[in-house]
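I have placed the structure first, in the form of structure tokens, so that the comments after it can refer back to it.
The values are calculated or read from the model by the stated rules, or taken from the named source; none is laboratory data. Keep in mind it's a predicted model, so treat the numbers as computed, not measured. Counting neighbours? That spans all protein chains shown, and the Cβs are built from the backbone with ideal geometry, glycine included. To get the accessible areas, we keep the full protein, side chains included, count just its heavy atoms, and leave off ligands, DNA and RNA. Shrake-Rupley method; radii C 1.70, N 1.55, O 1.52, S 1.80 Å.
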4 protein chains.
Amino acid sequence: MIRFECDYAEGCQPEILDLLSKTNFEQTPGYGGDEYTEKAARLIKKACECPNADVHFTIGGTHTNKTVIRSMLRDYEGVISVESGHVEQHETGTIEQGGHKVLTAYSLDGKLKPEHIRKIVENQQIYGFHMVKPGMVYVSNPTENGTMYSKAELTRLREVCDEYGLPLYLDGARMGYGLYARGNDLTMADYAKLCDVFYIGGTKVGALFGEAIVIVNDKFKPNFKYFIKQNGALLAKGRLLGIQFIPLFDERGLYYKGGKHRMDLAVKLQDCFEECGLKDHYGSTSNQLFPEMPRWLYEKLGEKYAFSYTEKIDDDNAVIRFCTSWATKESDVDELIKDLKNIFACENPAEYKL
Amino acid sequence: MIRFECDYAEGCQPEILDLLSKTNFEQTPGYGGDEYTEKAARLIKKACECPNADVHFTIGGTHTNKTVIRSMLRDYEGVISVESGHVEQHETGTIEQGGHKVLTAYSLDGKLKPEHIRKIVENQQIYGFHMVKPGMVYVSNPTENGTMYSKAELTRLREVCDEYGLPLYLDGARMGYGLYARGNDLTMADYAKLCDVFYIGGTKVGALFGEAIVIVNDKFKPNFKYFIKQNGALLAKGRLLGIQFIPLFDERGLYYKGGKHRMDLAVKLQDCFEECGLKDHYGSTSNQLFPEMPRWLYEKLGEKYAFSYTEKIDDDNAVIRFCTSWATKESDVDELIKDLKNIFACENPAEYKL
Amino acid sequence: MIRFECDYAEGCQPEILDLLSKTNFEQTPGYGGDEYTEKAARLIKKACECPNADVHFTIGGTHTNKTVIRSMLRDYEGVISVESGHVEQHETGTIEQGGHKVLTAYSLDGKLKPEHIRKIVENQQIYGFHMVKPGMVYVSNPTENGTMYSKAELTRLREVCDEYGLPLYLDGARMGYGLYARGNDLTMADYAKLCDVFYIGGTKVGALFGEAIVIVNDKFKPNFKYFIKQNGALLAKGRLLGIQFIPLFDERGLYYKGGKHRMDLAVKLQDCFEECGLKDHYGSTSNQLFPEMPRWLYEKLGEKYAFSYTEKIDDDNAVIRFCTSWATKESDVDELIKDLKNIFACENPAEYKL
Amino acid sequence: MIRFECDYAEGCQPEILDLLSKTNFEQTPGYGGDEYTEKAARLIKKACECPNADVHFTIGGTHTNKTVIRSMLRDYEGVISVESGHVEQHETGTIEQGGHKVLTAYSLDGKLKPEHIRKIVENQQIYGFHMVKPGMVYVSNPTENGTMYSKAELTRLREVCDEYGLPLYLDGARMGYGLYARGNDLTMADYAKLCDVFYIGGTKVGALFGEAIVIVNDKFKPNFKYFIKQNGALLAKGRLLGIQFIPLFDERGLYYKGGKHRMDLAVKLQDCFEECGLKDHYGSTSNQLFPEMPRWLYEKLGEKYAFSYTEKIDDDNAVIRFCTSWATKESDVDELIKDLKNIFACENPAEYKL
């Protein structure tokens, strides 16, 4: 089975395991009070050109989102997101378990638009204290749909946020892919300029696990470790996070390593999908691709490849997700491309045997 | 100011105040352990032809919904509702505060359709434990949009619920109006047959305040008073609820009293709206009317009448809510009708002076 | 059955029912946006000599405590209380349901001491973000144990609160009794000076139901109605609360009416308990008495009187609660005293027949 | 600085890092759906002689406790624990954030006694639905105080649990030390026989991180992964947990490796404390020692050793925690013993220079 179902099917950049081995018997204080964590934080602030930020490390995306969102909202406030947002769809209601409503807008491409924010805020103003008050805006980039905000688009969102006094939080679970996505013009420094809080995902971009939360706005800095602990996101051996993020962001720059090449693999695969007439449902430009596929095709491919069934279109068609990652082998992509081309070259593609 | 903005602008059926005065210095146990409460429960079970139900009394709709929903769900489950449902829109996120997501479907007329349930359940099945599991279905009748489920429609919902093992909860905040709504073919006994739990609203139908929860399905009966207390819905002097519901449901039948007449007032008003070309936005058939109105009209009427601004259509038009209630005076409805007719009889209606 | 089990066995001051009847068919806006509510708020601010306070009305004590506490804490903060506090013991965990830990200290007399606060705060400082941070102090006066803080004691608590930056919230469910308790030297104006937020209980002191929250500290004023709604404490026909509090606090002063007399009944009863050798377990000085009683005695009295079993002392003895209230009849107290005296005059008291 | 402050100052058993390296580029499904996880579960069921258990892997202790407790309780139920329990003291209120009260009993040695359960249950029965209902019992073994339940004691707790219908959950964060603690007579199979659910801690006993939850009682098995996900305890690359637990519990048995030797280090250190007149405050018999120390002593030792300040005794004395672990070097223990002996051999110990 060749796996394209997600971007976390493998372990991590081998240098990280080497570092974990090398430091294994060192004794350090727990919970992130060690020097590795401190150094990693320093490197990230440098990478974001944001020396005054607070940087915290957590284990995974879901509890990171919950931790940040709960730290930014009062009880009666909710978080604005597109319907396809990770916080709305794929966190088993942990945001609601934490007491907050996700206020959603439908967006086919998964990008939140200024008018979405405007509509949600204005509707709430009609009803006042009978409705959840919008308290912050959540976006991810790349989005869950593989699409990307441009710098101009993110700047426009920031302006609407400012107009309504809403802080902006960006989920960067796949930021490392976004930096090299087709047409991307956003840098890590831009995120620091445009967001109040954001996180840089490690789990999907070369670390074993781990996310780095960057708090830019002073308002959200105090007592943040209480939130991390209460929301189950605190690692006892906190240094494991520091040790991983150091090589990602020091002169080795593993977070960026091979970035262009690995995005080229996604482009190559997407070009093939298009050639085969398999339209990308959301218009992805990053490492998650969402071709629309007939049932016979994804059933056939499923014998040899792993991928995700994302959304039903109708009884015979669905949106399917294929991911490339820092660890994807070009030969695997080539194999898939070859199979696809053979299938569609066939007189009766549905009959073709893989 | 003549008020049509809601159906709780006045106090209660005067007989209720008489009973409260008559019993005022009696001593009773607290928290619903008194004989009035017991008698009221008995009367309601009789009215619903459901002798084995458990009946509990709470103060208002929002904490009633929270109490019932939390009692019916496990932590990882959510409640299915239309987007316009009270639990989704107008409870300041108390359902989420209680840990549960509201899983919504858009419905212009505010009625949940079998295919809504089907789509939500099937989409969750794709993602399994990464998504909130649908755990129950919430509907209200009349709906928030003034529309009504027919017996056939509610039966169909029940069947889909059974298909997926989902219990059905019906919010009857305005049940008393629904019983006399145009075309209604549902009785209180039908609600008891088709729902696992439902509540009969007193606040809006002649009581000072109070709602009667009817638990039909044995599964949801144990320890229910713990839920009432924890969710802030328990009245110390519980007898105040019992005393109110007795005349509503004993031989005096205040819950039904004048029901037909008062719905006639709504019909009369709606006919006038239609004559004036003011389309009902959702197709209401009960005591809440939702005419679409141009800004000049609702601004003009606002000088003399109170009503609610419900939804923006565009910069110049909105959906406006007018309610009639058990206490609405026919003369007030006639006054409004006269004013509307005069306005539209005018050559230049926007210029007309009330 | 003569009832001394609580101070809410009867209805309300009859003038209140008269006012409810008189205003019954007036039309007012909902949710406390009416003139009665506004007037009641004005009267309460005057009674507290605190013109800048915000006053809000809620229905009962449990959701009032939850609403206030959630409005005063951040997620990682807890509320300090004695172990016998209402928020710790008798709210079915609604504070925890709202996400907050109650940080408790044991106190036999039910009064929180400065050293309790000090110990809780200093212990938390050892562990920092691994423990809930003390975020506010909760006291009630009279306490759940019938005891009373003196002005000097409450002032000392205030000072310790200030030392640690903790706001002080006082639950005045029985404030009306406390004002006339033996030795009391606290006025409503004192409460406004010493507390950040407090509430004046109506349910137990002459209203049908209702509590008045007084927010003195500006920090806790914004958006408070969102908290009321989310926590299920908002009454649709909010005027019912305003109408009740007006006669309690206008020139009629029903909140104070007969205050001295009714506390005299408690004193009379307590004197009798003491004469009979029934020690008050907590040292009550207000309207709730807590005599220690042997099992044979409370079982005998239980045939004729209702009271509450509060705490087991050992297999043969318990703490029993008797309450007097605004509605207690002197003849009922005299009857109980006569019975007690007869019992203990008897050679073999346990054999005496009531 | 020589660190005795906790038992997670180092990384992990080196074999684990080797396995992580060896499997690093394998592709596996996420979230524990891989073969390593399956194998680890099988090994643990074998070690517990409990083939029908469900085994799940989570990352750390705090979210594990929250996940299990929320899965075992209904909303109105609480968890019984000693005051010193981890869930009460050191989880920043995450249990309360999850909606549940911790119902506590004071216990100097940190062990819950049958009479504690009995008293909490019987007190709640007095008040019924006004109080949180005890819904389960939480213990840890070794306890937070380093003490250990004997098999007889745990069996007695189980019997009381059965008497009241309460399930028993055991936190085995340090189970690996307990197995070799002085006087221990409990095996992993015993835990499986006596508990409904328990967890085997990896973080403190040789893993990088990770805990294995063993669900014995069928009632708590369904939908458990929803709880894991919602409570932020699910690792994307779930195999990292499986891969770690395999060598801990396969023929290599790293979980037990050197167990006796490492507990001998604790005994050696404790003997020295006793010789120096430093009484163990709680009577520890496992790898966490709690000597009472005068301020001058712990301040002096603090120049060279790291340890934890646990509890203030008075202004001049405190309870101090020293931990040994699977990674503790005998030479470090010997160094500390030598220093302590020198200090106390001195005429004026407080003057001694380390």
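More than 30 Å from B:T64 (Cα to Cα) and in contact (Cβ under 8 Å) with a residue 24 or more places away in the chain: does that describe C:S308? No.
One line per residue, one yes/no per condition, for (1) β-branched (V, I, T); (2) over 30 Å from A:H100 (Cα atoms); (3) at pLDDT below 95:
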position: D:M72; (1), (2), (3): no, no, no
position: D:E91; (1), (2), (3): no, no, no
position: D:I95; (1), (2), (3): yes, no, no
position: D:T104; (1), (2), (3): yes, no, no
position: D:V139; (1), (2), (3): yes, yes, no
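Taking each residue of the stretch D:245-273 that is closer than 13 Å to D:F322 by Cβ and looking for partners that are polar (S, T, N, Q) with beta-carbon atoms closer than 6 Å, six or more apart or interchain, yields D:L265/D:T324; D:L265/D:T328; D:A266/D:N287; D:A266/D:T324. In the stretch C:204-217, of all residues being within 20 Å of B:L240 (Cα to Cα) and either β-branched (V, I, T) or open to solvent by 10 Å² or more (accessible area, probe 1.4 Å) (or both), the one that is farthest from the other protein chains (Cβ to nearest Cβ) corresponds to C:V205.
If you take the residues in the stretch D:175-203 that are charged (D, E, K, R) and either touching a strand residue (DSSP E or B) at 6+ places or on another chain (Cβ under 6 Å) or not in a loop (DSSP other than H, G, I, E, B) (or both), which one is most open to solvent (accessible area, probe 1.4 Å)? Once the filter is applied, the top-ranked residue is D:K193. Residue count for the stretch D:322-338 under the criterion of being over 25 Å from D:G253 (Cβ atoms), in contact with a Leu (Cβ under 7 Å, 6 or more places away or on another chain) and open to solvent by 10 Å² or more (accessible area, probe 1.4 Å): the result is 1. Based on this model, can you work out whether C:F220 counts as within 30 Å of B:T67 (Cα to Cα), open to solvent by 10 Å² or more (accessible area, probe 1.4 Å) and within 14 Å of another protein chain (Cβ to nearest Cβ)? Taking the combined requirement at face value, the residue satisfies it.
Could you check, for the stretch D:15-24, whether at least one of its residues is farther than 27 Å from A:G206 by Cβ and either open to solvent by less than 10 Å² (accessible area, probe 1.4 Å) or part of a strand (DSSP E or B) (or both)? For the stretch D:15-24, residues farther than 27 Å from A:G206 by Cβ and either open to solvent by less than 10 Å² (accessible area, probe 1.4 Å) or part of a strand (DSSP E or B) (or both): absent. Screening D:N52 against (1) more than 14 Å from chain A (Cβ to nearest Cβ); (2) under 26 Å from D:Y164 (Cα atoms); (3) within 21 Å of the chain's Cα centre (by Cα) leaves a single unmet condition, (3). The set of residues in the stretch A:113-147 that are open to solvent by 20 Å² or more (accessible area, probe 1.4 Å) and closer than 26 Å to A:T187 by Cα comprises A:K113, A:P114, A:E115, A:H116, A:E144. What about A:G110, is it touching a Lys or Arg at 6+ places or on another chain (Cβ under 8 Å) and either away from every other protein chain (no Cβ under 12 Å) or open to solvent by less than 40 Å² (accessible area, probe 1.4 Å) (or both)? For A:G110, the condition - touching a Lys or Arg at 6+ places or on another chain (Cβ under 8 Å) and either away from every other protein chain (no Cβ under 12 Å) or open to solvent by less than 40 Å² (accessible area, probe 1.4 Å) (or both) - is not met. Here A:E274 passes the criteria (1) in a loop (DSSP other than H, G, I, E, B); (2) surrounded by fewer than 18 Cβ atoms within 10 Å (Cβ to Cβ); (3) in contact with a strand residue (DSSP E or B) (Cβ under 9 Å, 6 or more places away or on another chain) except the one numbered (1). Quickly run through the stretch D:25-42 and pick out the residues that are crowded, with 17+ Cβ neighbours inside 10 Å and acidic (D, E). Within the stretch D:25-42, just D:D34 meets the criteria. Only a single item in (1) within 20 Å of the chain's Cα centre (by Cα); (2) within 14 Å of chain B (Cβ to nearest Cβ) is not met by C:E35, and it is number (1).
The single residue among A:L170, A:L157 that is of a type outside the set (D, E), under 30 Å from A:S308 (Cβ atoms) and not in a helix (DSSP H, G or I) turns out to be A:L170.
Residues in the stretch B:253-289 that are charged (D, E, K, R) and modelled with pLDDT of 95 or more: B:K268, B:D271, B:E274, B:E275, B:K279, B:D280. Only one of the numbered conditions (1) open to solvent by 10 Å² or more (accessible area, probe 1.4 Å); (2) assigned to a loop (DSSP other than H, G, I, E, B); (3) not aliphatic (A, V, I, L, M) is not met by A:K225, and that is (2).
For the condition of a type in the set (G, A, S), within 14 Å of chain C (Cβ to nearest Cβ) and within 21 Å of the chain's Cα centre (by Cα), B:G60 qualifies. Take the conditions (1) within 14 Å of chain A (Cβ to nearest Cβ); (2) surrounded by fewer than 24 Cβ atoms within 10 Å (Cβ to Cβ); B:T94 misses just one of them, which is (2). Criterion first (surrounded by 14 or more Cβ atoms within 10 Å (Cβ to Cβ) and within 22 Å of the chain's Cα centre (by Cα)) does A:Y305 satisfy it? No, not satisfied. Tell me yes or no: at least one residue of the stretch D:124-135 is of a type in the set (V, I, T), at the interface with chain C (Cβ under 10 Å from one of its Cβ atoms) and over 30 Å from C:R74 (Cβ atoms). Yes - at least one qualifying residue is present in the stretch D:124-135. Does D:K45 fit the bill of being open to solvent by 10 Å² or more (accessible area, probe 1.4 Å), more than 16 Å from the chain's Cα centre (by Cα), more than 14 Å from chain A (Cβ to nearest Cβ) and within 30 Å of D:D280 (Cα to Cα)? When the stated conditions are applied, D:K45 does not pass them. With the structure loaded, tell me whether B:Y180 is closer than 30 Å to C:D75 by Cα and more than 14 Å from chain A (Cβ to nearest Cβ) or whether it fails that test. For B:Y180, the condition - closer than 30 Å to C:D75 by Cα and more than 14 Å from chain A (Cβ to nearest Cβ) - is not met.
Restricted to the stretch C:231-248, and to residues there that are out of contact with any Lys or Arg (no Cβ under 8 Å at 6 or more places or on another chain) and part of a helix (DSSP H, G or I), the residue that is nearest to the other protein chains (Cβ to nearest Cβ) is C:L240.
For the stretch C:303-354, the candidate set comprises residues that are assigned to a helix (DSSP H, G or I) and of a type in the set (A, V, I, L, M); within that set, the residue that is farthest from D:H130 (Cα to Cα) is C:A345.
If the condition is being of a type outside the set (S, T, Y) and in contact (Cβ under 8 Å) with a residue 40 or more places away in the chain, then the stretch C:282-293 contributes C:G283, C:N287, C:Q288, C:L289, C:F290.
Let's see how each residue does on (1) touching a residue at least 12 places away in the same chain (Cβ under 8 Å); (2) in contact with a strand residue (DSSP E or B) (Cβ under 7 Å, 6 or more places away or on another chain); (3) not aromatic (F, W, Y):
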| site | (1), (2), (3) |
| --- | --- |
| B:I126 | no, yes, yes |
| B:N145 | yes, no, yes |
| B:S150 | yes, no, yes |
| B:V160 | yes, no, yes |
| B:D171 | yes, yes, yes |
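Any residue at all in the stretch A:342-352 that is under 30 Å from A:C12 (Cα atoms) and of a type in the set (S, T, Y)? No, the stretch A:342-352 contains no residue that is under 30 Å from A:C12 (Cα atoms) and of a type in the set (S, T, Y).
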